[in-house]
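Encoded as structure tokens, here's the structure I'll be asking about.
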Protein chains: 2
Amino acid sequence: MAERDEIRPGVQDSLRRVTELLHKHELVEGLVHRQQGPRQELVESLVHKLHLVELQKLLDRQHPADVAYILESLPLEQRLIVWELVRAEREGEILLEVSDAVRESLIAHMDEQELVAATERLDTDEIADLAPDLPSEVIQDVFKSLSPEEREQLRAALSYPEGTVGALMDFDMISIRDDVTVEVVLRYLRRLEEMPDHTDQLFVVGHAGELKGLLPVNRLLVTSPETAVATVMQPEFVKLHPHEKAQDAASAFERYDLVSAAVVDGGGKLVGRVTVNAVMDYIREETDSDMLTAGGLTEDEDLFASVWRSVRNRWAWLAVNLVTAFIASRVIGLFEESIAKLVALAALMPIVAGISGNSGNQTITMIVRALALGQITGDSARKLFAKEIGVSALNGLIWGGVVGLFAFLIYHNWQLGAVMTGAMVLSLMLAAVMGVTVPLAMQKLGRDPALGSSVLITAITDSGGFFIFLGLATVFLV
Amino acid sequence: MAERDEIRPGVQDSLRRVTELLHKHELVEGLVHRQQGPRQELVESLVHKLHLVELQKLLDRQHPADVAYILESLPLEQRLIVWELVRAEREGEILLEVSDAVRESLIAHMDEQELVAATERLDTDEIADLAPDLPSEVIQDVFKSLSPEEREQLRAALSYPEGTVGALMDFDMISIRDDVTVEVVLRYLRRLEEMPDHTDQLFVVGHAGELKGLLPVNRLLVTSPETAVATVMQPEFVKLHPHEKAQDAASAFERYDLVSAAVVDGGGKLVGRVTVNAVMDYIREETDSDMLTAGGLTEDEDLFASVWRSVRNRWAWLAVNLVTAFIASRVIGLFEESIAKLVALAALMPIVAGISGNSGNQTITMIVRALALGQITGDSARKLFAKEIGVSALNGLIWGGVVGLFAFLIYHNWQLGAVMTGAMVLSLMLAAVMGVTVPLAMQKLGRDPALGSSVLITAITDSGGFFIFLGLATVFLV
């Protein structure tokens with residue numbers, strides 16, 4: 001697609017220009033509403049049209065990904081004005097590019113016919129990507145319009161769950177037989193009008209469709225024409241399976257610097273390919289959703305979502321934190337008598353809990369990353385455990401000493417300072433033990449250690465920190 | 001490189017096998033130390049060698065990226081045993097693949113000669129990537145071994161700071177003249193033994209070296225040989241500049257699905273190219289370091305770093321949090337009298353501060369992401385502000401109601417419940433205002449809003465939450 005459109009990095013300039021034109025358009029709209037004379041109306045409606053025509057021209061020149069960016073950056077009302085101006089034949093590829101939340105907002109304003117028209121032009125793997133957001137009648141209509149082979153592909157693509165190689169796969173590959181010469185291949189290629197995007201290699205298959213090797217396009221160019229494909233192809237290569245985790249495919253692309261990779265079924269038959277652009281999009285979406293999860297958002301939120309939608313997107317995390325805060329509050333409640341006797345405890349207790357939480361999160365960040373990279377074996381787990389305990393004990397002495405001194409300077413009570421220091425050491429060690437144990441345990445239980453580990457560790461260090469500090473204080477001071 | 005090595009996704013199996021062999025090796029070492037008889041010694045030393053030989057064979061078969069992975073996953077002592085077994089000619093490419101922290105640990109155990117030998121075999125852009133970690137004598141020796149053209153390239157590559165397009169760039173491109181035919185190009189290519197990795201397009205340059213267009217390799221294959229390059233090349237394309245931000249290059253690759261892109265200087269002269277694998281590595285490193293920063297680690301930490309190194313890597317964050325915790329503690333200190341009179345306040349105050357912190361972080365996550373994508377214009381900033389205030393007011397009423405009820409149920413004091421609810425509403429609105437203002441202000445001041453925004457907001461919501469709750473309680477309850 002890229003070749004057809006003007007490509008320029010200045011998409012932010014385009015966004016600025018779009019906003020300008022929309023403003024002018026809105027100003028004129030306002031005038032039209034105020035001045036109702038028929039003559040005036042005509043003039044204004046002409047000017048008004050002029051802006052939209054210019055806007056449409058601007059949009060036509062943009063790459064689909066850039067139109068998607070502009071749509072995402074506009075509040076809903078303006079977004080829909082722009083969407084109206086997008087030509088029908090480009091709607092499908094733009095819907096593929098926008099974020100899930102924005103796609104929903106656009107699809108909600110399209111009728112069935114428009115949706116079918118937009119979807120029909122796409123490749124089957126792309127239709128499968130849109131499918132979860134489309135009404136089922138639209139899918140059925142699109143399905144009817146496909147050739148039997150394409151229907152088979154769409155059925156296959158729809159059968160792979162998100163997060164698998166199958167969901168990243170496309171069918172846009174060139175396969176050749178191993179018993180021909182390079183010259184035959186070159187002649188075959190010359191008959192094609194253009195080759196699919198990201199064709200860095202051809203797939204060499206045997207009689208039964210089994211994948212025998214890869215023929216890099218670049219090797220094709222430097223090989224003399226009479227050579228047999230079988231002698232020049234690469235017989236060793238990365239094979240992906242449709243049910244494999246997409247994450248594994250992404251690591252393979254990163255490690256081996258691939259542009260495309262073959263997907264084969266259990267019997268070694270070529271079923272599709274994965275390209276680096278699909279992998280990049282996958283990585284971007286993954287890190288994006290990791291970041292949102294870490295920030296406490298359930299899913300991708302439209303920047304201009306309604307207040308009510310946002311509240312719904314954010315409630316789950318707040319509810320979880322409310323529960324952990326209630327628990328911490330009850331832990332403090334246990335020691336109300338001690339606090340009443342020595343009110344300084346109330347002012348000092350958040351320090352212990354806060355620093356332990358931070359230290360625990362440092363540990364958990366290390367461990368979760370190492371787990372994600374598969375770097376932790378039974379042997380190294382023990383070493384890591386010992387290391388984290390060591391780090392937290394040392395940190396406890398250093399920072400515990402500082403906070404102890406702080407407590408002494410403010411309250412002129414050296415026993416209070418000593419209790420602070422002791423509480424810090426114990427509490428940081430608790431954080432270290434939990435920081436290693438929690439993600440390892442979640443991994444063992446088959447859960448993703450990246451999800452919720454941080455909440456859990458903060459809950460533990462909060463309640464634990466309060467308990468240790470107030471408990472020590474009750475024993476030694478009150 | 002990829003073609004030379006056996007590629008298999010089962011790198012974790014290899015890691016397991018390496019650990020096994022290392023264990024056997026260590027067991028034998030242990031035996032040798034205990035049993036000193038000369039006969040016994042000979043036998044054991046043979047067995048011992050056998051394991052290392054097998055280990056070396058295993059390593060030889062691995063892709064450099066996989067050897068890097070294995071090195072990263074091993075504790076220092078075992079890592080160095082494995083590193084000893086890596087063949088000298090592969091050391092350079094493996095050093096390129098390992099993480100910064102692990103690279104340091106390996107380089108620290110190599111002498112100057114080894115380092116020069118490892119570095120000399122690399123491309124100039126790769127030497128530039130290693131340069132920051134190499135002793136200056138090594139760089140000088142390597143420099144002397146280069147051709148004048150390569151020296152120029154290395155000098156250029158070293159001159160671009162990290163995070164720029166220049167730092168991602170390589171010089172491994174094929175450029176052709178625009179006044180020849182496709183046939184001439186094909187003949188020229190056939191004379192090359194192999195084409196550089198990721199050559200999806202040739203760069204068409206004019207007499208003065210100015211870049212005139214791109215000729216996709218795939219187009220070359222489907223075009224008849226007598227066509228002139230000038231008529232078949234793409235005259236519109238993405239141009240990167242060496243001083244541009246690497247982030248912008250990454251967005252261009254993601255949006256336009258590129259495999260390679262031209263880098264041109266101010267005069268439009270071709271100076272290098274960026275490939276998708278360099279971009280993927282950059283994206284991985286960026287998200288990795290974002291994740292580490294979010295977790296409170298200053299930089300990439302070797303999983304098996306010493307306790308002392310880890311303490312140093314983590315101290316900055318803990319120190320910052322200590323300061324904010326001290327401030328919060330002093331805010332509570334202001335209200336010690338009120339707490340002494342109504343000790344329930346001590347148990348309830350962390351709830352207000354905690355929930356506000358979470359809500360503020362949700363807001364900031366949204367805003368930082370929108371800023372990173374460049375989606376916030378003056379107009380939309382106002383809309384976002386209004387939306388976040390709305391969300392927090394609604395959340396304040398909902399969750400404030402819940403915590404108010406909680407307070408009432410536990411302490412049977414409806415005024416206390418009402419103060420809790422009021423404090424939650426105010427405190428969540430403070431979090432929303434700060435969640436929008438802090439990142440926007442940091443952006444205005446030319447700082448990265450992703451760095452430190454979260455610490456700042458938590459500091460504000462902690463102290464602010466305590467102040468609002470205890471302040472309201474002092475006015476209305478005590």
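Quick one: plug the Kirkwood hydrodynamic radius of region A:384-478 (C-alpha pairs) into Stokes-Einstein at 4 °C, 1.567 mPa s, and report D in µm²/s. Working shown, then result.
Details: Rh = 14.2 Å.
Diffusion coefficient, whole number: 91 µm²/s.
How many partner chain Cβ atoms sit within 10 Å of a residue's Cβ in peptide B:381-388, on average, as a whole number? Mind showing how you got there, number by number?
On the way: counts 0, 0, 4, 3, 0, 1, 7, 2.
Taking the mean over all residues of the peptide, I get 2.
Continuing with this model, one more query. Name the residues whose placed amide hydrogens come within less than 5 Å of the amide hydrogen of A:Leu202, ignoring near sequence neighbours (fewer than 5 apart) on the same chain.
Answer set, sorted by chain and number: A:Leu215, A:Val217.
So in region A:175-294, what percent of DSSP beta bridges are antiparallel if you round to the nearest 5?
About 70 percent, rounded to the nearest 5.
Which peptide among B:56-63, B:340-347 comes first, and what is the full order, when sorted by highest mean count of other Cβ atoms within 10 Å? All intermediate terms of the calculation are to be shown ahead of the outcome.
Working: B:56-63: 17.5, B:340-347: 21.2.
Averaged packing, sorted descending, gives the order B:340-347, B:56-63.
Among A:179-191, A:206-218, how do they line up from the highest to the lowest mean number of other beta-carbon atoms within 10 Å? Intermediate values should be presented prior to the final figure.
On the way: A:179-191: 15.3, A:206-218: 17.3.
Averaged packing, sorted descending, gives the order A:206-218, A:179-191.
On a 0 to 90° scale, report how tilted helix B:276-294 is relative to the longest principal axis of chain B, with both axes built from alpha carbons and the result rounded to the nearest 10.
30 degrees
If you split all Cα-Cα distances of chain B into 20 Å bins from zero, what percentages do you get per bin, shortest first?
18, 37, 30, 14, 1
Here is a follow-up. Along Cα→Cβ at 7 Å, what distances in nm separate the B:Ile327 label point from those on the other copies, shortest first?
Going from nearest to farthest copy, the values are 3.0 nm.
So, one more: What Rg and what Dmax come out for region A:102-160 when only alpha-carbon atoms are used, in angstroms?
Final numbers for Rg and Dmax: 10.9, 32 Å.
For region B:175-294, what's the relative contact order in percent, using C-alpha pairs closer than 8 Å and at least 6 residues apart? Don't skip to the end; give the middle numbers.
Numbers: 159 pairs, mean separation 28.0, N = 120.
Over region B:175-294, the number comes to 23 percent.
Follow-up question, since we're still on this one. So how much slack lies between A:Lys245 and A:Leu397, counting 0.36 nm per residue of separation and subtracting their Cα-Cα distance, in nm? Mind showing how you got there, number by number?
Values: separation 152, 0.36 × 152 = 54.72 nm, distance 4.39 nm.
So the extension gain works out to 50.3 nm.
Please compute, for peptide A:194-200, the average count of beta-carbon atoms on other protein chains lying within 10 Å of each residue's beta-carbon.
5
Taking the 0 to 90 degree range and rounding to the nearest ten, how far is the long axis of helix A:182-191 tilted relative to the main principal axis of chain A, both from C-alpha atoms?
Once rounded, one gets 80 degrees.
Place a +1 charge on the Cβ of each Lys and Arg in the protein assembly as shown and a -1 charge on the Cβ of each Asp and Glu, then give the dipole magnitude about the Cα centre in debye, rounded to the nearest 20. Display every interim value, and only then the final one.
Working: 82 positive and 136 negative charges, 659 e Å.
Dipole of the protein assembly as shown, to the nearest 20 debye: 3160 debye.
For the Cα atoms of chain A, what angle does the longest principal axis make with the long axis of helix A:11-34, in degrees from 0 to 90, nearest 10?
80 degrees
Continuing with this model, one more query. What is the distance in Å between the Cα centroid of region A:298-376 and that of region B:445-470?
Cα centroid to Cα centroid, the span is 15 Å.
Per the Kirkwood treatment, what hydrodynamic radius in Å, one decimal, follows for region A:134-207 from the mean inverse distance over all distinct Cα pairs? Show your work: numbers first, answer last.
Values: mean 1/r = 0.0664 Å⁻¹.
So the Kirkwood estimate lands at 15.1 Å.
Right, something else. Given the DSSP H assignment, sum -39500 (n - 2.57) over each helix run of at least 4 residues in chain A and divide by its residue total; what's the result at 222 nm in deg cm²/dmol, nearest 500?
Values: 22 runs with 328 residues, N = 478.
It lands at -22500 deg cm²/dmol.
B:Glu183 versus A:Ala319, label points 7 Å from Cα toward the beta carbon: distance in nm?
Result: 7.4 nm between the two label points.
Could I ask something else about it? Hey, what's the Cα Rg ratio for region B:113-246 versus the globular rule of thumb, 2.2 N^0.38 Å? Walk me through the numbers on the way to the answer.
Numbers: Rg = 17.6 Å, N = 134, 2.2 N^0.38 = 14.1 Å.
With N residues counted in region B:113-246, Rg over 2.2 N^0.38 Å equals 1.25.
Here is a further query. Lys/Arg Cβ at +1, Asp/Glu Cβ at -1, dipole of the protein assembly as shown taken about the Cα centre: which of B:Thr377, A:Thr119, A:Leu22 is farthest positive-ward?
The residue sitting most towards the positive pole is B:Thr377.
For the pair B:Asp111 and B:Lys49, what calculated FRET efficiency results from E = 1/(1 + (r/R0)^6), where r is the Cβ-Cβ distance and R0 = 22 Å, to the nearest 0.05?
On the way: r = 24 Å, r/R0 = 1.08.
FRET efficiency, B:Lys49 to B:Asp111: 0.40.
How many Cβ atoms of partner chains, on average, are near each residue of A:227-240 if near means within 10 Å of its Cβ? Mind dumping the intermediate values first?
On the way: counts 0, 0, 0, 0, 0, 0, 0, 3, 0, 7, 4, 5, 3, 1.
Rounded to a whole number, the mean comes out at 2.
Restricting to bridges with both residues inside chain B, how much of the DSSP beta-bridge set is antiparallel, in percent to the nearest 5?
Values: 15 of 20 bridges.
Of all bridge pairs located within chain B, approximately 75 percent are antiparallel.
What does the highest-first list of A:99-108, B:140-149 look like by mean Cβ count within 10 Å? Present the calculation step by step, with values, prior to reporting the outcome.
Values: A:99-108: 17.8, B:140-149: 12.9.
Taking the mean over residues of other Cβ atoms within 10 Å, the ranking is A:99-108, B:140-149.
So if I average 1/r over every pair of distinct C-alpha atoms in the protein assembly as shown and take the inverse, what Kirkwood radius in Å does that give? Each step should come with its number before you reach the end.
On the way: mean 1/r = 0.0318 Å⁻¹.
It is 31.5 Å.
What pairs from B:Lys239/B:Lys444; A:Lys383/B:Lys24; B:Lys245/B:Lys444; A:Lys57/B:Lys444; A:Lys57/B:Lys212 go past 21 Å between their alpha carbons? Before the final figure, lay out the partial values.
Working: B:Lys239/B:Lys444 28 Å; A:Lys383/B:Lys24 19 Å; B:Lys245/B:Lys444 18 Å; A:Lys57/B:Lys444 33 Å; A:Lys57/B:Lys212 26 Å.
Cα-Cα > 21 Å for B:Lys239/B:Lys444; A:Lys57/B:Lys444; A:Lys57/B:Lys212; rest within.
Shortest first and in nm with one decimal, please list how far the A:Thr231 label point sits from its counterparts in the other copies (point 7 Å along Cα→Cβ).
In ascending order, 3.6 nm.
Might you report the magnitude of the Cβ-based charge dipole of chain B about its Cα centre, with Lys and Arg at +1 and Asp and Glu at -1, to the nearest 20 debye?
On the way: 41 positive and 68 negative charges, 442 e Å.
So the dipole magnitude of chain B works out to roughly 2120 debye.
Relative contact order, percent, of chain A when contacts are C-alpha pairs under 8 Å separated by at least 6 residues?
Working: 569 pairs, mean separation 48.7, N = 478.
Relative contact order comes out at 10 percent.
Calculate how many DSSP beta bridges within the protein assembly as shown are antiparallel, expressed in % of all such bridges and rounded to the nearest 5.
Values: 30 of 40 bridges.
So the antiparallel bridges amount to about 75 percent of the total.
Now for a different question. Give me the distance between the Cα centres of region B:192-221 and region B:234-248, rounded to whole Å.
A separation of 16 Å, based on Cα centres.
What's log10 of I(q)/I(0) for region A:175-294 at q = 0.10, 0.19, 0.20 Å⁻¹, Debye sum over Cα points only, no solvent?
For the requested q values the scattering log ratios are -0.35, -1.04, -1.12.
Taking the Cα centroid of region B:115-178 and of region B:57-105, what is the distance between the two, rounded to the nearest whole Å?
Each part's Cα centre sits 21 Å from the other's.
Send over the per residue convex hull volume for region B:232-388, Cα only, as a whole number of Å³. Please list the in-between numbers first.
Numbers: hull volume 34.4 nm³, N = 157.
Roughly 219 Å³ of hull volume per residue.
Follow-up question, since we're still on this one. So how long is each side of region B:307-476 along the principal axes, counting just the alpha-carbon atoms, biggest first, in Å?
That gives 50, 47, 24 Å along the principal axes, largest extent first.
Only the coordinates and a few stated rules stand behind these numbers; no lab work does. Given the structure is predicted, the values throughout are model-derived calculations rather than measurements. We place every Cβ from the backbone using ideal geometry, glycine too, and count neighbours over all the protein chains shown.
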